[in-house]
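Heads up: the structure comes next, in structure tokens.
The values are calculated or read from the model by the stated rules, or taken from the named source; none is laboratory data. None of these values were measured; they are calculated from a predicted model. Neighbour counts run over all protein chains shown; Cβ positions are idealised from the backbone, glycine included. For accessibility, only protein heavy atoms count, side chains too; no ligands or nucleic acids. Shrake-Rupley method; radii C 1.70, N 1.55, O 1.52, S 1.80 Å.
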Amino acid sequence: MHRSPPVVRLAPPPFVAPRRALSRWLPAAVALLGALLPACTPAPELDELRTEESFETNRFLRAIARPDSVSEEEAPPEDLESTDVAGGGQRHRGEEGKMGKPTARSKSGLYAMKGPKDAIPQLARNIDPGAAYGVGGLGLVGTGRGGGGSDPYGGAAFAVGSNDADVWGGLAGSAGADRYAPITEAAWTLADSAPLSTFSIDVDTASYANVRRFLGEGGLPPADAVRVEEMINYFDYAYPEPAGPHPLAVGAEVAPCPWKTGHQLVRVHLQARTIHQDKVPPRNLVFLVDVSGSMQEPDKLPLVQRGLSLLTDELRPEDRISIVTYAGASGLVLQPTSGARKAEIKRAIAMLVPGGGTNGAAGINLAYEQARRHFVEGGINRVILATDGDFNVGVTGHDALLRLIEHKRRTGVFLTVLGVGRGNLNDATMEQVADHGDGNYAYLDSDREAKKVLVAEASGTLVTVARDVKLQVEWNPARVAGYRLVGYENRALTAEQFNDDTKDAGELGAGDSVTALYEVVPAGRPVPGDKTVDALKYRRYDRAASDELLTVKVRYKRPDGDTSTKLELPVAGAVETWAEVSPQTRLAAAVAGFGLALRRSPAVAGLDLAQMRSWAADAELPDPDGHIQEFLGLVDRARALLGRDTVAARGLP
């Protein structure tokens, strides 16, 4: 190991002549002036950063925009090479532009990044990836200063963190500091070898609202922020109401696949019975509000307060509301209060002030305790958690938090999670907290969305009509060669879990609908990715069922029941041309294709978003709140962004 020679301290002379003092301080003054001059230099414009000269003069920008053109950098001297210390002035081994070895986490908690010599990393936050490009190509363009743009943190652009996602997030701006669970799209499955496809329903809509927020701010969402099933289920498809004794109805349609000639698109849907306002049972609601320091931005706690005030306006005298807050510690802000005392409830909401850490576990315990103490038999008992998901005090481990929620689920109290904010949005945790708590997850990006979730769709958000709802599709191998479920990647179940009443699944609220799409390869056609094997010698199909393409099976429990009920729907026949396709399938296909395009899925590679836009525009469905029209505008924005030749359009890992 290289060691520096010992430093010998010398006593200062009693007197220094003026000329000697000048010679002593002049180099320091020159160095200071040299450091200040670049900071005063005007920042380059965004268009300047896209020039050929900028690619030739900056190694970091070339590494991102044109990775194949960057030659291997010479190895650092051995005395600087280390895998033990991160960020301490030393370098990690590793390829240029990639993270150092994760072993450094155990030593320092940080990753280091080996990169170009001509860049000075600085701090950038709260900017979308497109804007981060403008403030210096992920912060390291041209002079290497960052600079330019409208970054409230001064245009700096470096990041440190405890994992790759956090580090890349800081480099890219605000979007990457959010946390999303990784998604791997479902592979093609052969109907011969696996004729059963089983999954839990999902009525969450958070992903769509979050994607809208990204596009509204002029940036593209990270691929893992796009959950296609939540995009599809954001819309009202005007499905027929259940007519029989069951609280839900099931339907299906088989149509040509609009993005792959020769394939079919199968739409399966559920529609829950609507409950009119005068039939809604008494509500015992506990508002659990995160008031930690991370909630102080205008799009966080203030938005939550306005949303909860809107919900308060809809309360009836028989409803009871409690308010629990949590930061470093939790507290009961409002004892159970009748919905008739709206002014008192609104005053308590208005008095919420952010500050401190985020002890989410303590707040969850207190909120469920309040809900159980004032439990209404036969009524609606629900905790409404509003947070950015940034749990950093108390039980913060992912698995421990989910175990806590699963334990609370057994109390008979349901859960609604309202996500807010940007920059530190813990989407991954909030989605799973809702799933494990017999609940739903919505993201509030505006007052309009708060009104939609908490007022217009309050019956679906708050009133559960069926729980542990599972779907299973059985494919007829005589008619289907292969299939692929679009979305629902983290809702997959095994075939055996369909009949297992102890296996948790999704909840269906009053008036809610669920739509799922399958891309299907008809029998006799090649299945993508299939490695051909010899035909099975003893394969035999049921000729009586040969006209059926599939059978849809549904299991559900009543809100207060423990035994499931099963429904079945055989499906035979198909729509032959796209012109005959229902408006419901047109809209669902458009939204699914849009989500796949935002995920850069190879399934829709080469398909212009303009085609998807036309499918939605042709869907003649009721649109009283303008959601379909808004969707058309989002497609237009995304089309422009996807065509932009910038680092942001390339996306991040």
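Key figures
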read-out: The lone exception for residue 281 - which of (1) crowded, with 18+ Cβ neighbours inside 10 Å; (2) not in a strand (DSSP E or B) it fails; value: (1)
read-out: Some residue of the stretch 544-555 being touching a strand residue (DSSP E or B) at 6+ places or on another chain (Cβ under 9 Å), open to solvent by 80 Å² or more (accessible area, probe 1.4 Å) and modelled with pLDDT of 95 or more; value: no
read-out: Meets criteria (open to solvent by less than 10 Å² (accessible area, probe 1.4 Å), touching a helix residue (DSSP H, G or I) at 6+ places or on another chain (Cβ under 6 Å) and not basic (Lys, Arg)) for residue 431; value: no
read-out: Near pairs, Cβ below 6 angstrom, 6+ apart or cross-chain, from the stretch 315-326 (without any contact (Cβ under 8 Å) to a residue 60 or more places away in the chain and open to solvent by 10 Å² or more (accessible area, probe 1.4 Å)) to any residue that is part of a strand (DSSP E or B) and of a type outside the set (Asp, Glu); value: 317/338; 320/284; 320/336; 325/289; 325/331; 325/333
read-out: Conditions (1) assigned to a strand (DSSP E or B); (2) open to solvent by 50 Å² or more (accessible area, probe 1.4 Å); (3) hydrophobic (A, V, I, L, M, F, W, C); number of the one not met by residue 243; value: (1)
read-out: Of the criteria (1) open to solvent by 10 Å² or more (accessible area, probe 1.4 Å); (2) part of a helix (DSSP H, G or I); (3) of a type in the set (A, V, I, L, M, F, W, C), which one residue 621 fails; value: (2)
read-out: Segments classed as helices (runs of 4 or more DSSP H), wholly inside the stretch 134-240, with at least 2 members that are at pLDDT below 50 and open to solvent by 50 Å² or more (accessible area, probe 1.4 Å); value: 164-172
read-out: Search result, residues across the stretch 333-360 that are in contact with a helix residue (DSSP H, G or I) (Cβ under 6 Å, 6 or more places away or on another chain), part of a helix (DSSP H, G or I) and either modelled with pLDDT under 95 or buried (at least 20 other Cβ atoms within 10 Å of the Cβ) (or both); value: 345, 349
read-out: Qualifying position, being on the phi > 0 side of the Ramachandran plot, at pLDDT below 95 and either of a type in the set (Val, Ile, Thr) or out of contact with any strand residue (DSSP E or B) (no Cβ under 7 Å at 6 or more places or on another chain) (or both), among 643, 651; value: 651
read-out: Long-range neighbours under 7 Å by Cβ, at least six apart or interchain, first residue on the phi > 0 side of the Ramachandran plot and small (Gly, Ala, Ser) within the stretch 218-241, second assigned to a loop (DSSP other than H, G, I, E, B) and open to solvent by 10 Å² or more (accessible area, probe 1.4 Å); value: 218/128; 238/621; 238/622
read-out: Qualifying residue in the stretch 267-278 (condition: closer than 22 Å to residue 599 by Cβ and part of a strand (DSSP E or B)); value: yes
read-out: Residues located in the stretch 611-631, provided they are without any contact (Cβ under 8 Å) to a residue 40 or more places away in the chain and under 15 Å from residue 595 (Cβ atoms); value: 612, 613, 616
read-out: Number of positions in the stretch 509-526 that are modelled with pLDDT of 95 or more and either under 19 Å from residue 194 (Cβ atoms) or surrounded by fewer than 17 Cβ atoms within 10 Å (Cβ to Cβ) (or both); value: 7
read-out: Residue, nearest to residue 472 (Cα to Cα), within the stretch 592-617, restricted to residues that are among the aliphatic types (A, V, I, L, M) and in contact with a strand residue (DSSP E or B) (Cβ under 9 Å, 6 or more places away or on another chain); value: 592
